[in-house]
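Note sheet for the following structure.
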Amino acid sequence: MQRLAVTHLTADYLPSPMGIVAPPQFAWQLTSTARNVLQTACRLWVYDDAALRVPLWDSGLLSRQDSAHYRPETLPLESARRYWWRVWVQAGDEEAISEPATFVTGLLEGFAGDMITCETAEDAARSHVTAVSKTIAIEGDVEEAYLYCTALGLYQAFVDGKRVGDAELAPGWTSYHKHLCYQTYDLTAALTAGTHQLSAWLGVGWYKGRMGILNTRNNYGEKTAFLGQLEIRYRDGRRQRILTDTSFVGADTPITFSDIYDGEVYDARLGLHHTRPTAVLPFEKHVLTAQAGGYCRVMERLPVQQVIVTPKGETVLDFGQNHAGVVEFRVQGKAGQSAALQCFEVLDSEGNVYTDNLRSAKQTIRYTLGETGQAVYRPTFTFQGYRYAQILEWPCEVCAQDFTALVIHTDMETIGEFECSDPLLNRLWENIRWGLKSNFVDIPTDCPQRDERMGWTGDAQIFSATACMIANTYPFFDKWLTDLACDQTAEGGVPHVVPDTLTDAKRAQDNWLVREGTHSAAAWADAAVIIPWNLYLAYGDTAILRKQYDSMAAWVRFMKNHAEDGMWQYRLQLGDWVALDAQEGSYFGATPLEITSTAYYAYSARLMAKVAAILEKPEDAAQFAAIAQEAQTAFVQHFFTKDGRMTAQTQTAHVLALHFDLVPDAWRAQTLAGLVRLVEERNGHLVTGFVGTPYIAHALSDNGAWDDAFSLLMKRDFPSWLYQVEKGATTVWEHWDGIKPDGTMWSAGMNSFNHYAYGAIGEWMVKNIGGLRVDERMPGYRHSILAPQVGGGLTFAKVSEQTVYGELAVAWRLAGGTLTVQATVPCNTTATLLRPRHALGEEALTLGSGTHTVVYEYTR
């Protein structure tokens, strides 16, 4: 019986990418009912026909043990073609061949058409939606046809009035003049011989709409524009190319207003109207890159859980889950009647609508019926952050079944699961997951609801390790890191937000952030180094390190150039942002900024030394190691007294010293004791902010204070992770006291109830409760360290990760004096299972692939 199988084929971490422009990185997984399965050889073929008759390319027999990270040096690819590939694998005396997978190439020679617009200078202040269209002729039977398109603004493309693909908010938000993505759509089935109407609707989006905390518009330009190229191959071998040019005709659409923050207004009475000529908009096409996958899509549909009438008489829809997306609705009425609703996150302490925390974001949708009868509508070029929607205007009876919440986020495969015996902890995990989904809307935003929704680098950095344990984030971060590198200063400084809309100070001289500095804050700017490193650990792929190396190195050298005697600080530093030990009315935690800055300086330099060594750059490795040592020496000299006491008696100062391994070994126990004492002084609670929170549990458990770490996690009163859950949270909050124990709100000026940063505790849950850890010497879980721990009153836990090699999982159950651990190790990998504390048995077991059950006597 065949026990070996080859499954889960991916190219560039995507199952069926569209828009490949270079030989992709191939990967596959092995499954087998046997144990200790290791690949010994493989062979790949690429075909240009679905029948797989004659290989276009053959790798030949490869004596290769790794079933991931295989990138051919060359492949004979053509633009706008679909290719099939498969792999044969040998493992010991067994062999297997996969089913074929596909990929579609992008434009290998780039775009030939023009970026066209139908807007004029008079439209600079308008947030309407326009359309461009053209009648095209198809001259025979189509073998394959692909549309490549992008926009300055947002677009949706159509053939004969039917939407092309299902991408939302395309082409996304990038540093448009330095990096703009294009998308690929298969039109083979849509194009038959004859004439067709090819069109695109264009919204202002992030390109020219109202943007960011500076409340400016036209940040990248004053006119929306569209670029498209349709490549057709006929069955008789002929080819046809249709390009965007001034033969396209422009028009206004029924969407009279559409804005990221404020919502959308659709008047169905208008139809397409006010025909406009098109013009070529000059654009440097060399900045275009193919986005092969990871598009934003409608990923889930949520029904209304209940219709509420508040004490004030407001009619409210409760979808039961805070998320990012839009509301789709069905409405009945007369021509000219309108339906309107406003989305928001929470009800106030009296159960009424609360929108103050949206600040200036309106999050309002209005639809006017074009004719008497029934209509179905959903917004097109906006999204909201919400759990609730208030009915502002409705021409008929409000029925729950007429409304659906469409959850929109970047399409990422879920790879991590967590379950345990505590339902509140399970809900916390779900809140962390929903925080990721809500804020991974093309870029890693801080929040999805208020007038901000920006790519804050610090939030992304501190959550990145957890994100890699929840979803396949490689394509997502790979795209965003390109913009981070694009937006770095010439000297290597890293913006606070990416894409960077803050640095142009001419537009907002009175803004404190612009005045004090828009780049290079410790923990925020360190995203340049830490996120690629976390991707490398999770995927075992040096490609991300090579791609980002110059950006990473430039950031560390920037810090070096602005350091004095190993101490680093530069203009505006955000420090332990919104920590509870901040002074009244301040967002800045009590930990001195020079501590957080120098700690991250040392940490990033140390990581760079590792990266340089991995990439075989010995001179750079030595340089960065010296920088790290200088920073660590300065940290010890300035922030420890001669008897080993930290000068700053804050939780975060101790956390950074311990977790970044900056404390001398002789003072480690004393520093740990200091952290434990500071937690105890807060009745066992944390008061850390953005810098300390991600690492506080690690700092405790990694140094032996397991009970303290578990106690911190399991706290249910304020401030704690589970306090939010007890308060009914369905996502992670920005503030520990977003809703205070007395029911009142934190300041409306900055109080998001969907802010993933504090969800970084998810990494600790996976690594310690589940025990799934990367072995840095064999990253990507090629060899795993399994170190599950019992604590917090838990009696059961199960954690799994879908790694690049397959499912890695640990489940444990405590019953009486017996602890049973079951470990599942994917084929082509190995693992070391470490004995949990308080258990009796072998200290370490080496495991091959398969499922293994180990029973320990538990002594506590």
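The values are calculated or read from the model by the stated rules, or taken from the named source; none is laboratory data. Predicted model, so just to flag it, every value in this text is computed and none were measured. FYI the Cβ positions are ideal-geometry reconstructions off the backbone, even for glycines, and counts take in every protein chain you see. These area figures cover heavy atoms from the full protein model, side chains too; ligands, DNA and RNA do not enter into them. Shrake-Rupley method; radii C 1.70, N 1.55, O 1.52, S 1.80 Å.
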Inspect all residues belonging to segment 119-140 and state whether any of them is under 28 Å from Arg546 (Cα atoms) and not in a strand (DSSP E or B). no
Please go through segment 440-468 and give me each residue that is in contact with an Asp or Glu (Cβ under 7 Å, 6 or more places away or on another chain), within 28 Å of Pro779 (Cα to Cα) and buried (at least 24 other Cβ atoms within 10 Å of the Cβ), ordered by number. Pro444, Trp456, Asp459, Gln461, Thr466
Residue in segment 550-561 that is free of Cβ contacts under 8 Å to residues at least 24 places away in the same chain, open to solvent by 40 Å² or more (accessible area, probe 1.4 Å) and not acidic (Asp, Glu) present: no
Residue tally, condition basic (Lys, Arg) and in contact with a Lys or Arg (Cβ under 6 Å, 6 or more places away or on another chain), over segment 770-787: 1
Among strands (runs of 3 or more DSSP E) entirely inside segment 1-78, those with 2 or more residues being among the aromatic types (Phe, Trp, Tyr) and in contact (Cβ under 8 Å) with a residue 60 or more places away in the chain are 26-32
Specify the residue that is most open to solvent (accessible area, probe 1.4 Å); the eligible residues are those in segment 597-644 that are assigned to a helix (DSSP H, G or I) and aromatic (Phe, Trp, Tyr). Tyr603
Looking at segment 210-222, is at least one residue over 25 Å from Met18 (Cα atoms), within 32 Å of the chain's Cα centre (by Cα) and basic (Lys, Arg)? yes
So the strands (runs of 3 or more DSSP E) completely within segment 170-284 holding 2 or more residues that are under 15 Å from Gly113 (Cβ atoms) are 180-186, 194-203, 225-234, 239-243
Condition check for Gly106: small (Gly, Ala, Ser), surrounded by fewer than 17 Cβ atoms within 10 Å (Cβ to Cβ) and modelled with pLDDT of 95 or more: no
Given the criterion out of contact with any Phe, Trp or Tyr (no Cβ under 8 Å at 6 or more places or on another chain), modelled with pLDDT of 95 or more and of a type in the set (Phe, Trp, Tyr), identify the matching residue among Phe383, Phe403. Phe383
Cβ-Cβ below 6 Å, separation at least six or inter-chain, first residue in segment 391-402 and small (Gly, Ala, Ser), second modelled with pLDDT of 95 or more and open to solvent by 40 Å² or more (accessible area, probe 1.4 Å): which pairs? Ala400/Val307
Residue identified as of a type in the set (Asp, Glu) and either open to solvent by less than 10 Å² (accessible area, probe 1.4 Å) or over 20 Å from His638 (Cβ atoms) (or both) among Glu594, Glu584, Glu564: Glu584
Of a type in the set (Phe, Trp, Tyr), over 30 Å from Thr372 (Cα atoms), modelled with pLDDT of 95 or more and crowded, with 18+ Cβ neighbours inside 10 Å: which single residue out of Phe248, Phe257 fits that description? Phe248
Filter segment 462-478 down to the residues that are more than 12 Å from Thr414 (Cα to Cα) and either assigned to a strand (DSSP E or B) or among the hydrophobic types (A, V, I, L, M, F, W, C) (or both) and list them by number. Ile462, Phe463, Ala465, Phe476, Phe477
Evaluate segment 730-744: report whether one residue or more is in contact with a Pro (Cβ under 7 Å, 6 or more places away or on another chain), farther than 30 Å from Gln637 by Cβ and of a type in the set (Asp, Glu). yes
If you check Leu52 against the conditions, is it touching a Pro at 6+ places or on another chain (Cβ under 8 Å), open to solvent by 30 Å² or more (accessible area, probe 1.4 Å) and on the phi < 0 side of the Ramachandran plot? no
Only one of Thr355, Thr315 is of a type in the set (Val, Ile, Thr), open to solvent by 10 Å² or more (accessible area, probe 1.4 Å) and within 32 Å of the chain's Cα centre (by Cα), namely Thr355
Complete set of residues in segment 823-853 that are under 36 Å from the mean Cα position of the chain (by Cα), surrounded by 15 or more Cβ atoms within 10 Å (Cβ to Cβ) and in a strand (DSSP E or B): Ala823, Thr824, Val825, Thr830, Ala831, Thr832, Leu833, Leu834, Leu845, Leu847, Gly850, His852
Write out, first by first residue and then by second, each pair whose Cβ atoms fall under 9 Å of each other, whose residues are 6+ apart or on separate chains, and whose first residue, in segment 667-693, is in contact (Cβ under 8 Å) with a residue 12 or more places away in the chain while the second is part of a helix (DSSP H, G or I) and among the charged types (D, E, K, R). Leu675/Asp708; Val676/Asp708; Val679/Asp708; Gly684/Asp708; Phe690/Asp459
Based on this model, can you work out whether Lys740 counts as among the basic types (Lys, Arg) and either in contact (Cβ under 8 Å) with a residue 24 or more places away in the chain or crowded, with 23+ Cβ neighbours inside 10 Å (or both)? no
Taking Val663 as meeting all but one of (1) within 22 Å of Asp459 (Cα to Cα); (2) crowded, with 24+ Cβ neighbours inside 10 Å, write down the number of the exception. (1)
By residue number, the members of segment 1-13 that are open to solvent by less than 40 Å² (accessible area, probe 1.4 Å), within 17 Å of Gly806 (Cβ to Cβ) and either under 26 Å from the mean Cα position of the chain (by Cα) or not aliphatic (A, V, I, L, M) (or both) are Leu9, Thr10, Tyr13
Condition first: open to solvent by less than 20 Å² (accessible area, probe 1.4 Å), assigned to a helix (DSSP H, G or I), under 22 Å from Thr688 (Cβ atoms) and not basic (Lys, Arg). Can you find one or more residues in segment 409-428 that meet it? yes
If you take the residues of segment 768-798 that are touching a residue at least 60 places away in the same chain (Cβ under 8 Å) and of a type in the set (D, E, K, R), which of them is least open to solvent (accessible area, probe 1.4 Å)? Arg782
